[in-house]
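Q: Let me begin by handing over the structure; questions about it come next.
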Amino acid sequence: MSVWDAITGRKNKSTQSAPPAPAPTPTPTEPHHVSSLYDPSTPQGVDAFLGSSSFADPSQLHPLAGLDKDTLDYITLEEGTIATPGTQAGLPSRGFTDDLCYGTGITYLTGLSIGGAWGLQEGLRRSVDQPPKLRINSVLNSITRRGPFLGNSAGVVAICYNFFNLGFSTLRGGKQDALNTVAAGVLSGMVFKSTRGLRTMMISGGIVGSIAGMWAITKRTIFHATGQDNELKSL
């Protein structure tokens, strides 16, 4: 294209655009394959949709599903091994840890209850002829003072008793009888009051030893028959 043609706007024949090429005709394609599992003409529900999955049977979702019940081993506890060797008590006990935990806990709760009743009686007695608010305050103060004191004291004595009882049983070759119970109670009471003098130690040892002896007699008379019944059933 010359300069004159550019000024006058004359178009060159060689620059004229060629006619557009015809668009290619689309070739016919095969129809999409419709799965035989789903038919649009037939209404289907959730049950038909989940029929082939494992969610159709809720029992298959259990963690123990598929296990053979005949060959499955269960944890069993024989009645003869519950009681401590050398005793035939009806109270379940599997050794020193059970006696230490359960015995200490029960003793603490018993002392706490007795101390709370003692504080209640003391608070009501001291607050006679007082206004209701002052009487309630006096009762609560007495309960919170006597209850924890007696509960904590009983818990400490129970811990000492279990350790002494274990020591006597070990020295005697694993034998447990009333002698171990009474001796452990006497020593526990003496250790508990060991800072108060010899006289106080003897009194405390006698009190705790008497309570331990009463417990040994109760265990022998009441729970011994239950232990014999369990032994006969196990045979």
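Q: Output the residues belonging to the stretch 173-182 that are over 13 Å from TRP215 (Cα atoms) and open to solvent by 60 Å² or more (accessible area, probe 1.4 Å).
A: Scanning the stretch 173-182 gives GLY173, LYS175.
Q: Across the stretch 115-139, what is the number of residues that are of a type in the set (S, T, N, Q) and surrounded by fewer than 17 Cβ atoms within 10 Å (Cβ to Cβ)?
A: The first filter runs over the stretch 115-139 and keeps only residues of a type in the set (S, T, N, Q), leaving 121, 127, 130, 137-138.
Imposing the further condition that a residue be surrounded by fewer than 17 Cβ atoms within 10 Å (Cβ to Cβ) reduces the set to 121, 130, 137.
Count: 3.
Q: Within the stretch 145-172, can you find the residues that are closer than 19 Å to CYS101 by Cβ and open to solvent by less than 50 Å² (accessible area, probe 1.4 Å)?
A: GLY151, SER153, ALA154, GLY155, VAL157, ALA158, CYS160, TYR161, ASN162, ASN165, GLY167, SER169 - these are the residues of the stretch 145-172 that are closer than 19 Å to CYS101 by Cβ and open to solvent by less than 50 Å² (accessible area, probe 1.4 Å).
Q: Name every residue in the stretch 198-209 that is open to solvent by less than 50 Å² (accessible area, probe 1.4 Å) and either modelled with pLDDT under 90 or hydrophobic (A, V, I, L, M, F, W, C) (or both), in order of residue number.
A: Correct list: MET201, VAL208.
Q: Quick check on this structure: which one of GLY185, GLY213 is at pLDDT 90 or above, crowded, with 19+ Cβ neighbours inside 10 Å and either in a helix (DSSP H, G or I) or on the phi > 0 side of the Ramachandran plot (or both)?
A: That would be GLY185, the only listed residue that is at pLDDT 90 or above, crowded, with 19+ Cβ neighbours inside 10 Å and either in a helix (DSSP H, G or I) or on the phi > 0 side of the Ramachandran plot (or both).
Q: Taking SER142 and the conditions (1) open to solvent by less than 80 Å² (accessible area, probe 1.4 Å); (2) closer than 30 Å to ALA184 by Cα, which numbered condition does it fall short on, given that it satisfies the others?
A: With (1) open to solvent by less than 80 Å² (accessible area, probe 1.4 Å); (2) closer than 30 Å to ALA184 by Cα applied to SER142, the lone miss is (2).
The values are calculated or read from the model by the stated rules, or taken from the named source; none is laboratory data. As the structure is a prediction and not an experimental result, all values here were calculated from the model. Here the Cβ is made from the backbone with ideal geometry for all residues, glycine too, and neighbour counts use every protein chain on show. Note: areas computed on protein heavy atoms with side chains; ligands, DNA, RNA excluded. Shrake-Rupley method; radii C 1.70, N 1.55, O 1.52, S 1.80 Å.
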